Amino acid sequence: MTLAAQLRTRLHEGHARPLSVTLADTRIGVIAADSPAGSEIPAGPSRGPMRFAPAAVLVAITDRPSPGVILTRRASHLRKHAGQVAFPGGRVDMQDKDAIAAALREAEEEIALPPAHVEVVGISDRYQTFTGFDIVPVLGVIPPDLPFRVHEAEVEALFEVPLDFLLDPANRIRREVQLAGALHHYYEIFWEDYRIWGITAAIIANLSKRLGYDDDIAA
């Protein structure tokens, strides 16, 4: 069975399992386990007023004996999430058919990953942020050792982390912080000199649950 087929099966089985909760930005609440995250691909943005701007990220998994995940470090001058580790991705634009199209387009713009090289596996749980984004993670399998080229206006660095390391709950550290008089929690994952935290770590934690690596997620 190919890597894409294995992941597709595990993701399908994961979405069939009832979850008590999936992670969201605790400053805006928690997305219920019966949300439509895994059932439909959200379409492009409406032209009417919206509470959250639709966005998508590509979880690009390299097809090698020990698969890895492609991550980037955002440019330090960006207005939002500057210098943070992230998946390639961004807003769903009007010309995008859906979140998958947006994730593929953004990955091509940011790291020169041709959409034709991505075998889409499916989508994981959406994540709504306090900064106003409704993010759909799109899983895809790509060939190993592609000649990536980063768009320096948006991306400072690109690196690959072993999939098993990212999804292993033992490698996540749960932190807490006081914000506006309330206690909030977030995850950190450290790989070499990179700190993976916040939105990206939460998406990884949700994916770990869906793929059966993690039996419990606390919001």
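The values are calculated or read from the model by the stated rules, or taken from the named source; none is laboratory data. These figures come from a predicted structure and were not determined experimentally. As a convention, Cβ positions derive from the backbone with ideal geometry for all residues, glycine included, and neighbour counts pool all protein chains shown.
For the residues Y186, Y213, the requirement of being assigned to a loop (DSSP other than H, G, I, E, B), modelled with pLDDT under 90 and of a type outside the set (A, V, I, L, M) singles out Y213.
Contact annotation: residue pairs with Cβ atoms under 6 Å, 6 or more positions apart or on different chains, pairing a residue in the stretch 150-179 that is closer than 12 Å to A205 by Cβ and in contact (Cβ under 8 Å) with a residue 12 or more places away in the chain with a partner that is of a type in the set (G, A, S) and surrounded by 12 or more Cβ atoms within 10 Å (Cβ to Cβ), are L167/S208. Go through the stretch 132-158 and report how many residues are touching a Phe, Trp or Tyr at 6+ places or on another chain (Cβ under 9 Å) and either farther than 24 Å from L211 by Cβ or not in a strand (DSSP E or B) (or both). Qualifying residue count for the region: 2. Return yes when D125 is out of contact with any His (no Cβ under 7 Å at 6 or more places or on another chain), surrounded by fewer than 19 Cβ atoms within 10 Å (Cβ to Cβ) and either within 21 Å of H15 (Cβ to Cβ) or among the β-branched types (V, I, T) (or both) and no when it is not. Considered against the rule, which asks whether it is out of contact with any His (no Cβ under 7 Å at 6 or more places or on another chain), surrounded by fewer than 19 Cβ atoms within 10 Å (Cβ to Cβ) and either within 21 Å of H15 (Cβ to Cβ) or among the β-branched types (V, I, T) (or both), D125 comes out as no. Hey, among the residues in the stretch 5-22 that are modelled with pLDDT of 85 or more and of a type in the set (A, V, I, L, M, F, W, C), which one's farthest from the chain's Cα centre (by Cα)? Here the answer is A5. Does L113 count as within 19 Å of the chain's Cα centre (by Cα), part of a loop (DSSP other than H, G, I, E, B) and surrounded by 12 or more Cβ atoms within 10 Å (Cβ to Cβ)? When the stated conditions are applied, L113 passes them.
Once the stretch 63-91 is narrowed to residues that are touching a helix residue (DSSP H, G or I) at 6+ places or on another chain (Cβ under 6 Å), hydrophobic (A, V, I, L, M, F, W, C) and at pLDDT below 95, the residue that is nearest to E110 (Cα to Cα) is A86. Between A157, A201, A170, the distinction of being touching a strand residue (DSSP E or B) at 6+ places or on another chain (Cβ under 8 Å) and under 23 Å from E13 (Cα atoms) belongs to A201 only. Condition check for A107 on (1) among the small types (G, A, S); (2) closer than 18 Å to L207 by Cβ; (3) more than 13 Å from the chain's Cα centre (by Cα): one failure, at (3).
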